[in-house]
């Protein structure tokens, strides 16, 4: 009886808590991404070096969807600055591009697009929901294991009593 109630309770908790955990985690990732992107601002920059011919290869060995190259822009205080930024495929040295800067004025090398942010939110929500379901299922299985141990101990005790009655009949 107790095991049936545990299974039912676990099913209800999974049905309620797993989607809730997924929604909370996905929302948190989305909020963090939006907050981060609000701190960025865009500037017009000049490409100072031709990007690598192979799209998807960064100078530092990473992989990305856009080539990275050196760009130059003028900061609000009038100083000329340079940095590495993702640029559209096909740009050449001397072309203008738009780069995103963080609140410190540094180039954001791989800004997350709205589509990328959505994908990250969905992935994190899925992981959180799945993880919650696995933890709840594990707790249910651990509870069932403890109930079985208790049953086996009770059966062992009853068999020992029955055995002693069979070997030592009462007069």
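Condition check ((1) in a loop (DSSP other than H, G, I, E, B); (2) at pLDDT 95 or above; (3) surrounded by 10 or more Cβ atoms within 10 Å (Cβ to Cβ)) across all residues:
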{"position": "110", "(1), (2), (3)": "yes, no, yes"}
{"position": "117", "(1), (2), (3)": "no, no, yes"}
{"position": "127", "(1), (2), (3)": "no, yes, yes"}
{"position": "133", "(1), (2), (3)": "no, yes, yes"}
{"position": "158", "(1), (2), (3)": "no, no, yes"}
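Quick check on residue 105: is it touching a strand residue (DSSP E or B) at 6+ places or on another chain (Cβ under 8 Å), in contact (Cβ under 8 Å) with a residue 40 or more places away in the chain and part of a loop (DSSP other than H, G, I, E, B)?
Numbers: touching a strand residue (DSSP E or B) at 6+ places or on another chain (Cβ under 8 Å): yes; in contact (Cβ under 8 Å) with a residue 40 or more places away in the chain: no; part of a loop (DSSP other than H, G, I, E, B): yes.
Spelling it out, it is not the case that residue 105 is touching a strand residue (DSSP E or B) at 6+ places or on another chain (Cβ under 8 Å), in contact (Cβ under 8 Å) with a residue 40 or more places away in the chain and part of a loop (DSSP other than H, G, I, E, B).
From the list 2, 45, which residue is over 29 Å from the mean Cα position of the chain (by Cα) and either more than 30 Å from residue 142 (Cα to Cα) or modelled with pLDDT of 90 or more (or both)? Break it down into steps so the answer makes sense when it comes.
On the way: 2 fails: either more than 30 Å from residue 142 (Cα to Cα) or modelled with pLDDT of 90 or more (or both).
Just one listed residue meets the conditions, 45.
Listed here are the residues, each with its yes/no results for (1) farther than 21 Å from residue 119 by Cα; (2) at pLDDT 85 or above.
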residue: 57; (1), (2): yes, no
residue: 62; (1), (2): no, no
residue: 78; (1), (2): yes, no
residue: 95; (1), (2): yes, yes
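Please determine whether any residue of the range 64-74 is in a helix (DSSP H, G or I), at pLDDT below 85 and out of contact with any helix residue (DSSP H, G or I) (no Cβ under 9 Å at 6 or more places or on another chain).
Restricting attention to the range 64-74, the residues satisfying the condition of being in a helix (DSSP H, G or I) are none.
No: the range 64-74 contains no residue that is in a helix (DSSP H, G or I), at pLDDT below 85 and out of contact with any helix residue (DSSP H, G or I) (no Cβ under 9 Å at 6 or more places or on another chain).
The values are calculated or read from the model by the stated rules, or taken from the named source; none is laboratory data. None of these values were measured; they are calculated from a predicted model. Methodologically, a virtual Cβ is constructed for each residue, glycine included, from the backbone with ideal geometry; neighbour enumeration extends over all protein chains shown.
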